[in-house]
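The values are calculated or read from the model by the stated rules, or taken from the named source; none is laboratory data. Because the structure is a prediction, the values reported are computed rather than measured. In this analysis, Cβ positions are derived from the backbone assuming ideal geometry, glycine residues included, and neighbour counts consider all displayed protein chains. Quick note on the areas: whole protein, heavy atoms, side chains included, nothing else; ligands and nucleic acids left out. Shrake-Rupley method; radii C 1.70, N 1.55, O 1.52, S 1.80 Å.
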Amino acid sequence: MDTSVDRITQPWGSRTPYARGGTWPSRVDTHLAQGVEPEAVDRWVQAASILHSDGDAMDIAVKDGRMVGVRGRVVDRVNRGRLGPKDVFGWQANASPDRLTRPLVRRDGRLTESDWDTAMELVAARSRDLLQERGPGSIGFYTSGQLFLEEYYTLAVAARAGIGTNHLDGNTRLCTSTAAEALKESFGCDGQPGSYDDIDHADVIALFGHNLAETQPVQWMRILDRLEGSDPPRLVCVDPRPTRVARAATVHLAPRIGTNVALLNALLHEIIRTGRIDHDYVEAHTVGFEEVAERVRDCTPEWAERICDVPAARIAEAAEVLGTADRLLSTVLQGVYQSHQATAAAVQINNLHLLRGMLGRPGAGVLQMNGQPTAQNTRECGANGDLPGFRNWQNDQHVADLAKVWNVEPMTIPHYAPPTHAMQMFRYAEQGSIRMLWISGTNPAVSLPELSRIRSILSQDRLFVVVQDLFLTETAQLADVVLPAATWGEKTGTFTNADRTVHLSVKAVEPPGEARPDLDIFLDYAQRMGFRDKNGGPLVSWHDPESAFEAWKRCSAGRPCDYTGLTYDKLRDASGIQWPCNEQAPDGTDRLYTDGIAWAKPDVCETYGKDLVTGAAVSTVEYRSLNPDGKAMLKAAEYLPPHEVPGDDYPFQLTTGRTLYHFHTRTKTGRAPQLNAAAPDVWVEMSSSDAAAQGLDEGDLVEVTSPRGALRGRLRITDIRPGLIFVPFHYGYWDTASGSGPDEATPPRAANEMTVTDWDAVSKQPLFKSAAAAVTLLEKSSGQPAPAPTTTASAPARAGGVRPTEGGATAQVRESTDPSGDDIAGGTR
Ligand SMILES: Nc1nc2c(c(=O)[nH]1)N[C@H]1C(S)=C(S)[C@@H](COP(=O)(O)OP(=O)(O)OC[C@H]3O[C@@H](n4cnc5c(=O)[nH]c(N)nc54)[C@H](O)[C@@H]3O)O[C@H]1N2
Ligand SMILES: Nc1nc2c(c(=O)[nH]1)N[C@H]1C(S)=C(S)[C@@H](COP(=O)(O)OP(=O)(O)OC[C@H]3O[C@@H](n4cnc5c(=O)[nH]c(N)nc54)[C@H](O)[C@@H]3O)O[C@H]1N2
Ligand SMILES: [Mo]
């Protein structure tokens, strides 16, 4: 059956209900540019979405050499044909007239058009000079979670073995370093235990600080379909905002921000007190039970109520649901990872699953989520503060093994200290020890905390800044050299989503002008720098995406993220496949840890772990005595109050995050008309009771200030937790008068003007979700509501007077289902 749905006003589309244990029915979403009929499409080219970590598989429609639309891939395990709003409309940004088409170099203070040879020679010459004068530690690379696997691997080899610098990290530091760290702390190694298929089997799904409805809308469609089928799951939601997830939940806990550890300790207290523990599992597969039991002994719901401001009865109710689950699936994201005590909290969710034996079975799994589409690859390839293949930098055997793969001396690969994290790299640049910073696929002048500081670091004369992007972003405007990149749809490569599913994304159209794939740019650099292996052969011996993939396979062999069973052809035929994929598992691996814990043995593990409160590293010797048999580790943490709490000058708590229709700094979604119209400018969310106390109304122009800075936006009154302010972080300056930052003509509007330079001691992920702020009125509304969507967590508390989010003719998406299909019939109530 075919229907046409406005997917701005109805972002999740129509329902295809199914029963617990059934197969999620397919629904193929298609959107073509106005006036283009399906028959007129020349070809459909296989790809997957890079606007979130879901890995929604899609085909790109091409006509006359141009992209004209997209269609979900019905064969794919992840989405079975469905697409989210950003997937269906986001591709239009590729053809924006303001794409970068030629390299730019700074001359007499101004960025001027140049050619590739000049630009790359400048970059190579500066690298050579710095290597000679100041050594490898003067060069840093700050990359992304949005390039392809082949690109990260090439960059990691060039940076770690070519330059020999320890300063290589991704914006994944801001995104999923806590996910990786939590997995390492509990299981000894990165690697997502669960699978999206667990949604089909779970009877309880718990979402911790995760607005799945807006940030992975296709998996939310899957949950909505289960909720409408027979035997629906119960949902537990922990989020201080009235998200769609919260509204659908059986139990919604809206804690004070920054108190996740207290809440989780109380939940664990209840689970232990009521004896809802799988003792056999704990005995067979874990160490550390006594420590956790001791730590949470006094953490009663009443104790947590005082800290979290959530009724004790509610906490007990949530514990009851979690404790009686037969198959529990938990998901965790930025409300935990970017909040206070990030790793400590994320680990308590692993503890919940270990205590209850909820791992490695259909429906029983934990998803320490990723955010960015290719963040998993940044981590695997060693471009995110780890060595490639989840190798342990403290284990000489692992370093020697990597040196063998690269045919270099082990001493070539820096491993005297943990790889430098992004926040530290910016500190080194501030202090002057890093003199060249190559930024690829990220926009730190909007996305890092405390933007006035970031702008001043990037503007220093002594720092040579290279920016590789599609557009002249806020960051690119501060660069010395700007390299125009080709992106998704214009280049070929693979990437891996949050449940280890690897997709191939194939070039569909030519990039604009002289823009080049990131892989070609890194290969060109390696060649110009003349990087050699120990026999004098080229260090980087591959020349295109497929040969880079083959090289990566050799590096991944025998490691948890084993890709040796995958090829481009196999990915073409089967669509998404989950790693590990090798001789033992030729079709990939749905769930990890089905037969106990696999990667925590002292000789194998990716890390020996850290103290959850101080971040101090555990030594090899300690690890060997703590966990000689390589079991999962139950690790406890005491609750500590957040560093910045509201007071007289800054009476509100401040948190920041996302909305459904935009991706990050909007370089793509801000250029897609339907998405931009749905959320055209920044807003500030506040509760009705706070607004009444302050004499504020919907649409008032307010200023929000923190000890670091301020922004201006219109007020949206919602059912958010009283005492809390929320601001979306999407809005920077590229589409304002100034282009790069606030000035006389451009009021501040980026959330990160206000956030704090502070990070989790364990994962080093910045704290974007816990600060204090003040709100003052600048101008009463003239009846104009805030420019915030009404379909999402920013929905108004009272609908009166607020114009609903509009879609319109160009927002129509065709949804095709087959009601006679076996998979649908079984699931309908
Ligand atoms: N539409 C859209 N989708 C995206 C992205 C996007 O930009 N737009 N980006 C992608 C990326 S890179 C990422 S990382 C993910 C992020 O996906 P999410 O983590 O789901 O999104 P956020 O809005 O950052 O934060 C989630 C929730 O955390 C809550 N929160 C804030 N502080 C606390 C706290 O102290 N405790 C608890 N329990 N909750 C708290 C907020 O109210 C918010 O609803 O989304 C991905 N998908
Ligand atoms: N206050 C606050 N700040 C946050 C967060 C928050 O919740 N609150 N969340 C944090 C998180 S989780 C994340 S992931 C970051 C995201 O922060 P950023 O990574 O800075 O945000 P993006 O806008 O995704 O920037 C990606 C850049 O890469 C470019 N690009 C896209 N595709 C390609 C490509 O193929 N090649 C190249 N070379 N460039 C490309 C885009 O044009 C864009 O400029 O923000 C973090 N900052
Ligand atoms: Mo992210």
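If you take the Cα Rg of segment 456-558 and divide it by 2.2 N^0.38 Å, with N the number of residues, what do you get?
Rg over 2.2 N^0.38 Å, computed on Cα atoms: 1.29.
Which value, to two decimals, describes the C-alpha radius of gyration of segment 352-502 once divided by 2.2 N^0.38 Å?
Relative to the 2.2 N^0.38 Å estimate, segment 352-502 comes out at 1.28.
If eta is 1.306 mPa s and T is 10 °C, what Stokes-Einstein diffusion coefficient results for segment 1-46, Kirkwood Rh from Cα pairs, in µm²/s?
In µm²/s, the coefficient is 118.
Hey, can you rank 322-331, 740-749 by average C-beta count inside 10 Å, highest first?
322-331, 740-749
Return an integer: the convex hull volume of the alpha-carbon atoms of segment 652-798, in Å³ per residue.
122 Å³
Using the Kirkwood radius built from alpha carbon pairs, what does the Stokes-Einstein equation give as D for segment 717-778 at 25 °C and 0.890 mPa s, in µm² per second?
176 µm²/s
Of all alpha-carbon pairs in segment 731-827, indicate the percentage at a distance above 18 angstrom.
Taking all Cα-Cα pairs of segment 731-827, the fraction more than 18 Å apart is 75 percent.
Starting from 0.36 nm per residue, how many nanometres of slack lie between Leu640 and Asp278 once their C-alpha separation is accounted for?
So the chain would gain 127.4 nm between Leu640 and Asp278.
Highest mean first, what order results for 82-88, 527-533 on Cβ atoms within 10 Å?
82-88, 527-533
Per the Cauchy relation, a quarter of the hull surface: what is the mean projected area of the convex hull of the alpha carbons in segment 230-306, in nm²?
With the hull built on Cα positions only, its mean projection is 7.0 nm².
Mind checking the dipole of the chain: about its Cα centre, +1 per Lys or Arg Cβ, -1 per Asp or Glu Cβ, Debye to the nearest 20?
That gives a dipole near 420 debye.
So for each of 305-316, 799-810, 197-208, 782-793 I average, over its residues, the number of other beta carbons within 10 Å; can you give me the resulting order with the highest mean first?
Highest to lowest by the protection proxy: 197-208, 782-793, 305-316, 799-810.
Please state the charge dipole magnitude for segment 1-130, taken about the Cα centre, from unit charges on C-beta atoms (+1 on K and R, -1 on D and E), reported in debye and rounded to the nearest 20.
Value, rounded to 20: 480 debye.
Beyond 46 Å, how much of the Cα-Cα pair distribution for the chain remains, as a whole percent?
17 percent
Among Pro410, Ala400, Pro646, which residue has its Cα furthest toward the positive end of the charge dipole of the chain, with +1 on Lys/Arg Cβ and -1 on Asp/Glu Cβ?
Ranked along the dipole, the leading option is Pro646.
Mind checking the alpha-carbon convex hull of segment 63-108 and giving the volume per residue in Å³?
Roughly 143 Å³ of hull volume per residue.
Find the percent of Cα-Cα distances in segment 486-546 that exceed 16 Å, and round it to a whole number.
Within segment 486-546, distances greater than 16 Å cover 57 percent of Cα pairs.
Rounded to the nearest 500, what is the 222 nm mean residue ellipticity of the chain from helices alone, with -39500 (n - 2.57) per DSSP H run of 4+ residues and division by all residues?
Rounded to the nearest 500, the figure is -7500 deg cm²/dmol.
Per q in 0.19, 0.23, 0.24 1/Å, what log10 I(q)/I(0) does a Debye calculation on the alpha-carbon atoms of segment 141-235 return?
-1.04, -1.24, -1.27
Please report the orientation-averaged projected area of segment 68-180, defined via the convex hull of its C-alpha atoms, in nm².
11.1 nm²
How big is segment 113-179 by the Kirkwood estimate over distinct Cα pairs, in Å?
When all Cα pairs of segment 113-179 are included, the Kirkwood radius is 13.3 Å.
So what is the diffusion coefficient of segment 517-628 in µm² per second by Stokes-Einstein at 25 °C and 0.890 mPa s, using a Kirkwood Rh over Cα pairs?
Translational diffusion coefficient: 141 µm²/s.
Report, please, the projected area of segment 167-292 averaged over directions, based on the convex hull of its C-alpha atoms, in nm².
Averaging across all directions leaves 10.2 nm² for the Cα convex hull.
Extent of segment 354-430 along each principal axis, from alpha carbon coordinates, in Å, largest to smallest?
If we take the Cα atoms of segment 354-430, the spans are 45, 35, 25 Å.
Express the carbon and sulfur contribution to the solvent-accessible surface of segment 170-232 as a percent, rounded to the nearest whole number, probe 1.4 angstrom.
So the carbon and sulfur contribution to the accessible surface is 48 percent.
Return, ordered by residue number, the residues of segment 102-133 whose backbone nitrogen is under 15 Å from a label point located 7 Å along Cα→Cβ of Arg528.
Once the point is set 7 Å along Cα→Cβ of Arg528, 102-106, 114-131 turn out to lie under 15 Å by backbone N, inside segment 102-133.
Quick one: divide the alpha-carbon radius of gyration of segment 668-718 by 2.2 N^0.38 Å and tell me what you get.
With N residues counted in segment 668-718, Rg over 2.2 N^0.38 Å equals 1.36.
Cross-link list Lys610/Lys769; Lys63/Lys491; Lys601/Lys764; Lys491/Lys570; Lys507/Lys769; Lys635/Lys769: which exceed 29 angstrom alpha carbon to alpha carbon?
Listed pairs above 29 Å: Lys507/Lys769.
What Kirkwood hydrodynamic radius, in Å, does segment 594-674 give when the mean of 1/r is taken over all pairs of distinct Cα atoms and then inverted?
About 17.6 Å, per the Kirkwood formula over Cα pairs.
With an 8 Å cut-off on Cα pairs and a minimum separation of 6 or more residues, tell me the relative contact order of segment 652-798 in percent.
35 percent
For segment 2-83, what is the convex hull volume of the alpha-carbon atoms per residue, in Å³?
Hull volume normalised by residue count: 118 Å³.
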